[in-house]
Amino acid sequence: MKALLVLCLLASGVSAAALSASADAKSRPPAANGLEPIGSAVWPSVAAQLAKNIATASFAHEYDRVWAYLHPTYRQAVSQSHWHRCQGSHPAASRNVTITKVSVAQATELPMHLSLLGRRNVQQIEVLVRYKTPAVAGAQLAILYTFWLKQGKTWRAVWLSDEYEAYKAGKCYLTPQGPPLY
């Protein structure tokens, strides 16, 4: 009888510990695992909104606003006037474009090496821009990628290494898909 009582007490102690651990896990948001569902506890909502802001500013040719989102380390390392000339000569969109909607399609956390900042986890935010242009009938779509680094409570846009290297060398950065967003 004593052995059965000890076994029951032991089993109930394990159950209480398991329930306590389960309650702790439910009260904390889960860790990011790469591809985050929109609206989930780990969705980078601030970075997602900033990505929408930067896409809107870029399509509107508001390059000073776009520059302000960039991480200060990159702003100090590359001339704003050179970057601004690159944006003007390779804009994200022509001036006669009208944006009808900007939404976030996806957010992915990626570990990568950033020039000047080292190995970091960054949020890649994929932005879908719907727009109209007089040159083409109907709505058009553009998919743009932005990369964000969180430091404390602040999110800042960052350049991938090849983009930084191009600007640092005095060149403009272009992808096969067209100009970058910032």
At what distance in nm do the modelled label points of residue 150 and residue 165 sit from each other, each positioned 7 Å from its Cα along Cα→Cβ? 3.0 nm
Per residue, how big is the convex hull around the C-alpha atoms of segment 74-182? Give it to me in cubic angstrom, could you? 120 Å³
For segment 88-100, take each phi angle, set θ = phi - 60°, evaluate the Karplus expression 6.51 cos²θ - 1.76 cosθ + 1.60, and give the result in whole Hz per residue in order, putting x for glycine and proline. x, 7, 9, x, 5, 7, 6, 5, 8, 7, 10, 6, 9
Any idea of residue 64's accessible area? Nearest 10 Å², probe 1.4 Å. 100 Å²
Quick one: which residues, 5 or more positions from residue 104 or on another chain, have an amide H under 5 Å from its amide H? H modelled 1.01 Å from N in the peptide plane, none for Pro or chain starts. 128
Return the distance in nm (one decimal) between the two label points of a simple spin-label model at residue 64 and residue 49, each offset 7 Å from Cα along Cα→Cβ. 2.4 nm
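The values are calculated or read from the model by the stated rules, or taken from the named source; none is laboratory data. Quick caveat: nothing in here was measured; it's all calculated off a predicted structure. Cβ: placed from backbone, ideal geometry, glycine included. Neighbour counts: every protein chain shown. Quick note on the areas: whole protein, heavy atoms, side chains included, nothing else; ligands and nucleic acids left out. Shrake-Rupley method; radii C 1.70, N 1.55, O 1.52, S 1.80 Å.
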